[in-house]
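Novice: This is the structure I want to talk about, given as structure tokens.
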């Protein structure tokens with residue numbers, strides 16, 4: 001009898017605990033937020049925020065397609081979002097719960113509508129470019145003062161890569177980023193959808209692959225900052241973070257980010273709510289919190305990526321809004337391109353091509 | 001009494017069924033299905049609400065296409081062979097490193113042995129992942145190893161070890177070393193010292209006595225250790241992905257690509273099924289060896 005009483009009491013306590021501590025699970029890219037914002041969200045809403053990170057779209061997509069991920073907010077990039085919407089992974093946003101949508105920047109909204117028509121399923125968190133990060137001193141040491149640091153030739157010309165290999169090169173392990181750049185370099189459409197055109201990049205990439213120390217999508221931040229490598233082909237904000245870490249460490253490594261003059265991939269990381277999110281209500285609150293002008297500005301000031309929030313721009317630090325590597329000028333922006341997802345058959349061939357390029361098999 | 005016996009026998013079989021056969025069945029089923037853009041990303045899925053017709057429709061949708069696909073592309077066979085090579089070489093190196101350590105431990109005075117044993121086990125108190133990551137700090141271009149070698153003047157240019165197969169071998173040997181030391185130590189510890197004395201009395205040199213007496217008697221430990229290293233090394237994913245480079249082709253990584261980059265769960269499952277079949281051979285050999293040992297012990 002007493003045991004039963006204890007059990008009832010315990011059950012009641014558990015239920016109360018569950019109701020009292022509302023939770024929201026957010027799954028975002030690594031090194032991609034000012035942690036102070038997370039504390040601020042908890043303070044403002046009283047919702048416990050559980051924050052978890054990933055470093056590749058593929059990992060996120062696998063969790064989404066498996067279903068029951070347990071996350072309330074996730075951050076896929078444009079073309080991945082498009083495919084996941086098609087698979088039914090996300091729920092439509094309840095825009096009545098998102099008054100801060102008014103802060104969003106129409107220029108970016110128009111571009112993201114390509115992946116998510118009408119921006120029904122997602123809001124833009126950050127956007128950026130994929131380009132060239134260099135350790136200025138080391139690159140000039142091996143390539144001379146007039147090294148083509150703002151050209152795709154730095155990466156795709158084997159003569160340059162052969163020399164750069166002596167001080168180390170990392171390249172994103174993401175065919176969706178590198179293949180469009182290689183297509184651009186050889187003068188093809190970077191958004192080519194047929195495998196015959198895509199296959200034209202094979203000789204270009206095969207020629208440089210032996211000179212790439214590692215294909216990886218997050219290690220280059222530290223490797224560049226520590227001076228382990230002298231060049232990385234990666235995401236703008238990551239390279240700018242490496243720049244700041246190197247400056248903090250005061251190790252003599254001077255890092256620069258360059259948008260290739262031939263043009264660069266413009267990508268968008270979109271916040272969306274999974275169809276089976278345990279707490280969609282709290283998820284909307286989080287999205288609205290992020291779209292607050294000051295919060296969006298705080299996030300960008302910390303991670304050095306541009307955001308899709310027009311109202312936030314007055315709160316951005318000068319070294320963010322004034323840096324053309326982050327907010328490119330009109331001329332550079334006109335040269336940026338976007339891509340759309342390959343169909344499954346082409347995707348398989350591309351992955352196979354990518355493996356062949358990397359491992360020679 | 002009979003019921004108790006039945007229960008005792010049934011327990012391991014139930015364990016095997018729930019934690020091996022059922023998951024294997026699920027993976028095998030996915031290997032027979034086809035890729036689709038949906039949740040979950042394959043078709044057909046079993047729809048029990050349609051009753052028997054649903055089951056029939058489901059069975060009709062299954063085929064062995066993914067297995068024939070594996071045979072059609074040289075990538076998979078190369079990845080299997082390369083994994084076999086890396087696992088075999090690292091097992092051999094582990095043995096070379098572990099045997100002297102185990103031998104030394106077995107020769108040590110009785111009161112030292114628990115401490116030495118403790119030292120072998122101690123690294124397990126730190127997460128495996130952290131231990132592998134710490135090798136990045138040791139092996140990288142600006143890492144400890146290169147700094148020491150350059151400071152002592154042995155080399156003038158930093159060695160490129162990280163992100164090569166060499167780093168993978170170092171990682172595997174380091175990680176699995178205790179699994180080799182412990183069974184060899186267990187075998188050597190039981191060794192009757194008077195057998196070696198007898199061999200020496202009968203004219204053997206110390207080296208001859210080692211090869212004629214000590215090593216053959218430690219063989220069960222050596223074999224057990226080799227299997228304990230070889231089997232997990234074959235399917236290793238974490239070490240090659242953290243320490244390895246572009247040249248490192250291992251089946252664990254290929255499987256990861258199929259699953260994550262291609263989102264093709266059916267082909268990934270087919271790769272997993274084949275990997276398992278490949279692993280079953282050494283596992284059965286290992287079981288047999290154990291059994292023989294037990295019989296010899298009786």
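The values are calculated or read from the model by the stated rules, or taken from the named source; none is laboratory data. Since this is a predicted model, take the numbers as computed values, not measurements. All Cβ positions, glycine included, derive from the backbone under ideal geometry; neighbour counts span all protein chains shown.
Novice: If I filter segment A:25-45 for residues that are within 14 Å of another protein chain (Cβ to nearest Cβ), within 22 Å of the chain's Cα centre (by Cα) and modelled with pLDDT under 90, do I get at least one hit?
Specialist: Scanning segment A:25-45, I find no residue that is within 14 Å of another protein chain (Cβ to nearest Cβ), within 22 Å of the chain's Cα centre (by Cα) and modelled with pLDDT under 90, so the answer is no.
Novice: Is it the case that residue B:281 is within 28 Å of residue A:343 (Cα to Cα), out of contact with any strand residue (DSSP E or B) (no Cβ under 6 Å at 6 or more places or on another chain) and away from chain A (no Cβ under 14 Å)?
Specialist: No; evaluated as a whole, the condition is false for this residue.
Novice: Just checking, does segment B:124-139 include any residue being surrounded by 18 or more Cβ atoms within 10 Å (Cβ to Cβ), touching a residue at least 60 places away in the same chain (Cβ under 8 Å) and farther than 26 Å from residue B:227 by Cα?
Specialist: Yes; the residues of segment B:124-139 include at least one that is surrounded by 18 or more Cβ atoms within 10 Å (Cβ to Cβ), touching a residue at least 60 places away in the same chain (Cβ under 8 Å) and farther than 26 Å from residue B:227 by Cα.
Novice: Here is a follow-up. List the number of the failed condition for residue A:358; all other conditions in (1) surrounded by 18 or more Cβ atoms within 10 Å (Cβ to Cβ); (2) in contact with a strand residue (DSSP E or B) (Cβ under 9 Å, 6 or more places away or on another chain); (3) under 30 Å from residue A:72 (Cα atoms); (4) within 14 Å of chain B (Cβ to nearest Cβ) hold.
Specialist: Going through the list (1) surrounded by 18 or more Cβ atoms within 10 Å (Cβ to Cβ); (2) in contact with a strand residue (DSSP E or B) (Cβ under 9 Å, 6 or more places away or on another chain); (3) under 30 Å from residue A:72 (Cα atoms); (4) within 14 Å of chain B (Cβ to nearest Cβ), residue A:358 breaks only (3).
Novice: Another question about this same structure. It is to be established whether one or more residues within segment A:281-296 are within 14 Å of chain B (Cβ to nearest Cβ) and out of contact with any helix residue (DSSP H, G or I) (no Cβ under 6 Å at 6 or more places or on another chain).
Specialist: Quick first cut of segment A:281-296, residues within 14 Å of chain B (Cβ to nearest Cβ) only: none.
No, the conditions are met nowhere in segment A:281-296.
Residue-wise test of (1) in contact (Cβ under 8 Å) with a residue 60 or more places away in the chain; (2) surrounded by fewer than 22 Cβ atoms within 10 Å (Cβ to Cβ); (3) part of a helix (DSSP H, G or I).
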| site | (1), (2), (3) |
| --- | --- |
| B:216 | no, yes, yes |
| B:222 | yes, yes, yes |
| B:228 | no, yes, yes |
| B:233 | yes, no, yes |
| B:239 | yes, no, yes |
| B:242 | yes, yes, yes |
| B:259 | no, yes, yes |
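Novice: Report, by residue number, each residue of segment A:222-243 that is more than 13 Å from every other protein chain (Cβ to nearest Cβ) and assigned to a helix (DSSP H, G or I).
Specialist: Residues satisfying the conditions are A:236, A:237, A:238, A:239, A:240, A:241, A:242, A:243.
Novice: Here is a check on your reading of the model: is residue A:58 within 14 Å of chain B (Cβ to nearest Cβ), touching a helix residue (DSSP H, G or I) at 6+ places or on another chain (Cβ under 8 Å) and either assigned to a helix (DSSP H, G or I) or without any contact (Cβ under 8 Å) to a residue 12 or more places away in the chain (or both)? Steps first, answer last, please.
Specialist: Working: within 14 Å of chain B (Cβ to nearest Cβ): yes; touching a helix residue (DSSP H, G or I) at 6+ places or on another chain (Cβ under 8 Å): yes; either assigned to a helix (DSSP H, G or I) or without any contact (Cβ under 8 Å) to a residue 12 or more places away in the chain (or both): yes.
Taking the combined requirement at face value, the residue satisfies it.
Novice: Could you grab me the full set of residues in segment A:167-194 that are in contact with a helix residue (DSSP H, G or I) (Cβ under 8 Å, 6 or more places away or on another chain), part of a helix (DSSP H, G or I) and away from chain B (no Cβ under 14 Å)?
Specialist: Selection gives A:181, A:182, A:183, A:185.
Novice: Another question, then. If you scan segment B:25-75, which residues turn out to be part of a loop (DSSP other than H, G, I, E, B), touching a strand residue (DSSP E or B) at 6+ places or on another chain (Cβ under 7 Å), within 14 Å of chain A (Cβ to nearest Cβ) and free of Cβ contacts under 8 Å to residues at least 60 places away in the same chain?
Specialist: Hit for segment B:25-75 is B:36, nothing else.
Novice: Moving to a separate point now. If you scan segment A:141-186, which residues turn out to be more than 18 Å from residue A:229 (Cβ to Cβ), modelled with pLDDT under 95 and touching a strand residue (DSSP E or B) at 6+ places or on another chain (Cβ under 7 Å)?
Specialist: Across segment A:141-186, the qualifying residue is only A:150.
Novice: Another question, if that's okay. Go through segment A:77-108 residue by residue and tally those that are under 23 Å from residue A:334 (Cβ atoms) and surrounded by 18 or more Cβ atoms within 10 Å (Cβ to Cβ).
Specialist: Here the count works out to 6.
Novice: Still on this structure, I have one more. If I ask for residues that are in contact (Cβ under 8 Å) with a residue 40 or more places away in the chain, outside any helix (DSSP H, G or I) and surrounded by 15 or more Cβ atoms within 10 Å (Cβ to Cβ), which ones from segment A:324-347 would you list?
Specialist: Once the filter is applied, which keeps residues that are in contact (Cβ under 8 Å) with a residue 40 or more places away in the chain, outside any helix (DSSP H, G or I) and surrounded by 15 or more Cβ atoms within 10 Å (Cβ to Cβ), segment A:324-347 yields A:325, A:326, A:328, A:335, A:336, A:337, A:338, A:339, A:341, A:342.
Novice: Within segment A:194-210, is even one residue free of Cβ contacts under 8 Å to residues at least 60 places away in the same chain, over 18 Å from residue A:137 (Cβ atoms), within 22 Å of the chain's Cα centre (by Cα) and surrounded by fewer than 24 Cβ atoms within 10 Å (Cβ to Cβ)?
Specialist: no
Novice: Another question, then. Within segment A:118-134, identify whether any single residue is touching a residue at least 60 places away in the same chain (Cβ under 8 Å) and part of a helix (DSSP H, G or I), and answer yes or no.
Specialist: No: zero hits.
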